[in-house]
Amino acid sequence: MPNENKSCKYMGPLCEKLEKCEHYQKFAKYRDKVLALSNDSLEKTIAVALSLCFVCAILVSIAAVALRPLQIENKALDMKKNILDVAGLLQDGTDINAAFAEKIEAKLVDVATGEYVEGDVEAYDQRKAAKDPKQNVALTKDQDIASIKVRAKIAKVYLVKEGDTIKSIILPVHGYGLWSTMYGFLAVDADGQTVQSINFYDQGETPGLGAEVVNPNWRALWKGKKVYDESGAVALGLIKGTVDNSKPGSEFQVDGLAGATLTSVGVTNLVKFWMSQEGFAAYLDKVRTKG
Ligand SMILES: Cc1cc2nc3c(=O)[nH]c(=O)nc-3n(C[C@H](O)[C@H](O)[C@H](O)COP(=O)(O)O)c2cc1C
C-alpha cells in the first residue's frame with residue numbers, strides 16, 4: 001500500500017519491527033478481512049466502533065496525563081488567589097505568584113498545641129491529611145459541631161506581615177452546609193479577635209440561596225466583626241434576618257443568608273468550631289502572647 005510505504009519511510013525501524021511481529025501480522029490479517037467485509041455487516045460495524053473507542057480512549061488518556069501538571073499549577077494558583085483575596089491584597093492585574101511570594105508566609109501549626117511545626121509547607125495538603133487516619137483526629141459528636149467528623153492534626157495557616165508585625169492571620173476553615181462541605185479562609189487581625197474577611201473557595205450550596213456565601217456584598221458584612229465575647233466563648237455567628245448595628249452584641253452578628261437558613265447555620269457552626277479550642281483558639285492565644 002502506498003500510504004504504508006510512505007509512513008514506513010519515516011517510521012523506518014519501528015515499522016520493520018512491527019511487520020515482523022507475530023501479533024501485528026495477525027492483526028493486519030484480521031484488519032484486511034474486516035475491511036473487505038460489506039459496510040452493512042455487523043462484524044465490520046462493531047470492529048469500526050471498537051477501533052474508534054480505542055483511539056479515543058488513547059487520546060483522552062494522553063490529554064489527561066499531559067495536562068496534569070498544568071492542572072496542578074492552576075489549582076495552586078487559584079488557591080494563592082483566594083488567599084490574597086481574603087487578605088485584601090487582590091486587585092485587578094495583580095501578579096498572583098509575585099504578590100503571594102512577597103506578602104504571604106505559609107506556616108504549619110499543630111492545632112492541639114497551637115505551636116508552629118517544621119515541615120514541607122509547600123507540599124503539605126491539609127485536606128489530604130484530614131483523610132489520613134495517621135494525620136487526623138477523630139471528633140466526638142459533641143466536638144463535631146461543623147459536621148466534619150475528623151480534622152487534620154496539622155493546619156496550614158498564612159500570615160501577612162509588615163516587617164516583623166503580623167497584619168493578618170489567615171485560617172483555613174471548613175464545615176458542612178446544607179448540601180456540601182464548604183471550604184474557605186477566615187482572615188483575622190493579629191489580636192485573633194477582629195475579622196478582616198471570609199471567603200469560600202469550594203462549596204456546593206444552591207446558587208442564589210446557600211451559594212450566596214461567595215457574594216462580595218455579604219462577605220463585606222464580616223469586616224470588623226468580633227469573634228470572642230468577654231468570657232472567651234466564640235460569639236460570632238449568623239442571625240436570621242438583618243443585623244441592627246445599633247444594638248449591643250451586633251459586633252458578633254452577621255446577616256443570615258435569605259432563604260438559606262441551613263447554610264447559614266453551617267457557616268455559624270464552622271466558625272464556632274474552628275475558632276474554639278478544637279480549632280485555632282490555642283494558636284491564636286500563642287500569637288497574642290508571643291506575637
Ligand atoms: C431546590 C432547593 C434548594 C435549596 N438550597 C438551599 C441551600 O443551598 N441552603 C439552604 O440553607 N437552604 C436551601 N434550601 C431551602 C431549605 O430547604 C430550607 O427551606 C431553608 O434553609 C430554610 O430557610 P429559611 O427559613 O430562610 O426559608 C433549598 C430549597 C430548595 C427547594
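Computed over the alpha carbons of segment 228-291, Rg followed by Dmax gives 13.4, 43 Å. If the chain linking Val34 and Arg68 were pulled fully straight, counting 0.36 nm for each residue of separation and taking away their Cα-Cα distance, it would gain 8.5 nm.
Going by how many other Cβ atoms sit within 10 Å of their own, how do Met275, Met11 line up, fewest first?
On the way: Met275 25, Met11 13.
The fewest-first ordering by Cβ neighbours comes to Met11, Met275.
Subtract the Cα-Cα distance of Leu50 and Ala101 from 0.36 nm times their separation in residues, and report this length gain in nm to one decimal. Before the final figure, lay out the partial values.
Working: separation 51, 0.36 × 51 = 18.36 nm, distance 5.00 nm.
Length difference between fully extended and current span is 13.4 nm.
Mean projected area of the convex hull spanned by the Cα atoms of the chain, taken over all viewing directions: 25.2 nm².
Only the coordinates and a few stated rules stand behind these numbers; no lab work does. Here the structure is a predicted model, which means the values were calculated and not measured. Neighbour counts are summed over all protein chains in view; Cβ atoms, including those assigned to glycine, are modelled from backbone coordinates with ideal geometry.
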